[in-house]
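K.L.:
Structure incoming, see below.
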Amino acid sequence: MNDEQLLRYSRHLLLEEIDVAGQEKLLGSHALVIGAGGLGSAAAPYLAAAGIGHITLIDHDRVELTNLQRQTMHTEKNVGKGKVSSGKEFLQQLNSGIEIETIEAKATAALLDELLPSVDVVLDCTDNFATRHLINASCVQHQIPLVSGSALRFDGQISVFDPRNAASPCYACIFSPDEDFEEVSCSSMGIFSPLVGIIGAMQAAQAIQVLVGFGETLVGRMLLWNARTTQIDEFKIARNPECSVCGKAH
């Protein structure tokens, strides 16, 4: 690290769990953030501020006025602009010393196959089951840790799935891709503004822990946040040996 980086990240360097070695890991890491909406708007800025050296944003949507109630990476002047372009502008103003790559497209298996070999951690900040299952299957295939978050109305959840860990479940162990889940969206159900900030910030924290390798991540656990009662519940989750995605991966 140069002198400017030593000063910028000095508060991380004071933490023995991170220190210089951990910060250098972050600067050399590549995080893939899929979804530049509510969750991504909280996760990506904290990754950028923390000094993740290379961040790739994927999203196909454009900024709408209704997004501004919670998607804090976007501003009024960027309504109508692509979310990844708007997000890149925000992140570069936050930290000009890192690389921000943008892909204005939907996440597909082919795109993830192309990207994941160079990625160290994936943050799923999307809002539908089909895309979550696609991302999960790609992460299992490429053995890349996945930080998964979701938020709707007043309820959020977050977990970490790490296929490098033989004991870790994957997303499909909990939510089977063969089951029919009713898709619901913020546009029809509503969402509490700070909720996506809370879950997205937790995703960033988990990703940083995964990259540096300190503490206990949420592998094998799922956190549920209830914003009505300000209550956090946690339950253990186990790998399903019969899982159609990761059952034969270990």
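K.L.:
Grab the chain and count how many Lys pairs have their alpha-carbon atoms under 19 Å apart, sequence gap of 8 or more, or different chains. Let's see the in-between values first.
P.N.:
On the way: Lys77/Lys88; Lys81/Lys106; Lys83/Lys106; Lys88/Lys106.
Lysine pairs meeting the criterion: 4.
K.L.:
If you don't mind, there's one more thing I want to ask. Could you look at segment 78-237 and say what percent of its accessible area is carbon and sulfur, using a 1.4 Å probe and all protein chains? Mind showing how you got there, number by number?
P.N.:
Values: 3630 of 7230 Å².
Exposed carbon and sulfur together represent 50 percent of the surface.
K.L.:
Oh, and also: Can you give the longest stretch of the chain with no exposed loop site, where a site means chymotrypsin sites (Phe, Trp or Tyr not before Pro) in a DSSP loop (not H, G, I, E or B) with at most 15 other C-beta atoms within 10 Å?
P.N.:
On the way: sites that count: Phe154, Phe175, Phe181, Phe214.
Looking at the chain, 1-153 is the longest stretch - no exposed chymotrypsin sites (Phe, Trp or Tyr not before Pro) with at most 15 other Cβ atoms within 10 Å.
K.L.:
Evaluate the charge dipole of the chain about its Cα centre and quote only its size in Debye, nearest 20, assuming +1 on the Cβ of each Lys and Arg and -1 on the Cβ of each Asp and Glu. Present the calculation step by step, with values, prior to reporting the outcome.
P.N.:
Working: 18 positive and 30 negative charges, 60 e Å.
Using Cβ point charges on Lys, Arg, Asp and Glu, the chain gives about 280 debye.
K.L.:
Please figure out what share of the DSSP beta bridges in the chain is antiparallel and state it in percent, rounded to the nearest 5. Could you put the intermediate results ahead of the total?
P.N.:
Values: 19 of 38 bridges.
Around 50 percent antiparallel, to the nearest 5.
K.L.:
Please give, to one decimal in nm, the separation of the simple spin-label points placed at Val20 and Thr229, each 7 Å out from Cα toward the Cβ.
P.N.:
Each label point lies 7 Å from its Cα, and together they span 4.9 nm.
K.L.:
Rounded to two decimals, what ratio of Rg to Rh does segment 95-134 give with C-alpha atoms and a Kirkwood Rh? Can you show the working numbers first?
P.N.:
Numbers: Rg = 11.8 Å, Rh = 12.0 Å.
Value, to two decimals: 0.99.
K.L.:
Sticking with this structure for a sec: Check Leu218: other-chain or 5+ apart residues with amide H under 5 Å from its amide H, H built from backbone geometry?
P.N.:
For Leu218, whose amide H was placed from the backbone, the distant partners under 5 Å are Val160.
K.L.:
Also, quick follow-up: Once all Cα-Cα distances of segment 116-239 are split into 10 Å bins that start at 0, what whole-number percent is in each one?
P.N.:
13, 45, 35, 7, 0
K.L.:
Using just the helices of the chain, give the 222 nm mean residue ellipticity in deg cm²/dmol: DSSP H runs with n ≥ 4 each add -39,500 (n - 2.57), and the total is spread over all residues, rounded to 500.
P.N.:
Numbers: 10 runs with 93 residues, N = 250.
That calculation yields -10500 deg cm²/dmol at 222 nm.
K.L.:
Go ahead and run the numbers for FRET between Asn240 and Thr131, Cβ-Cβ distance against an R0 of 22 Å, rounding to 0.05. Numbers along the way, then the final one.
P.N.:
Numbers: r = 21 Å, r/R0 = 0.95.
After rounding, the FRET efficiency stands at 0.55.
K.L.:
Something else: Counting only the heavy atoms of the protein chains, how much of Lys106 is accessible to a 1.4 Å probe, in Å² to the nearest 10?
P.N.:
Per-residue accessible area (Lys106): approximately 130 Å².
K.L.:
May I pose another question? GluC sites (Glu not before Pro), restricted to segment 196-250: which are DSSP loop and have at most 12 other Cβ atoms within 10 Å?
P.N.:
Working: sites: Glu216, Glu234, Glu242; in loops: Glu216, Glu242.
Here the sparse-neighbourhood loop sites are Glu216, Glu242.
K.L.:
Additional query: Carbon-plus-sulfur fraction of the accessible area of segment 1-61, 1.4 Å probe, in percent?
P.N.:
On the way: 1310 of 2570 Å².
Reported share for carbon and sulfur atoms: 51 percent.
K.L.:
Of the GluC sites (Glu not before Pro) in segment 9-64, which ones lie in a loop per DSSP and count no more than 16 other C-beta atoms within 10 Å?
P.N.:
On the way: sites: Glu16, Glu17, Glu24, Glu64; in loops: Glu16, Glu17, Glu64.
Answer in residue order: Glu16, Glu17, Glu64.
K.L.:
Still on this model: Rounded to the nearest whole Å², what accessible area per residue is found for segment 1-74 with the 1.4 Å probe?
P.N.:
Details: 3320 Å² over 74 residues.
For segment 1-74, the solvent-accessible area averages 45 Å² per residue.
The values are calculated or read from the model by the stated rules, or taken from the named source; none is laboratory data. All of these numbers come straight from a predicted model, not from anything done at the bench. FYI the Cβ positions are ideal-geometry reconstructions off the backbone, even for glycines, and counts take in every protein chain you see. Protein only, heavy atoms only, side chains kept; ligands, DNA and RNA dropped before computing areas. Shrake-Rupley method; radii C 1.70, N 1.55, O 1.52, S 1.80 Å.
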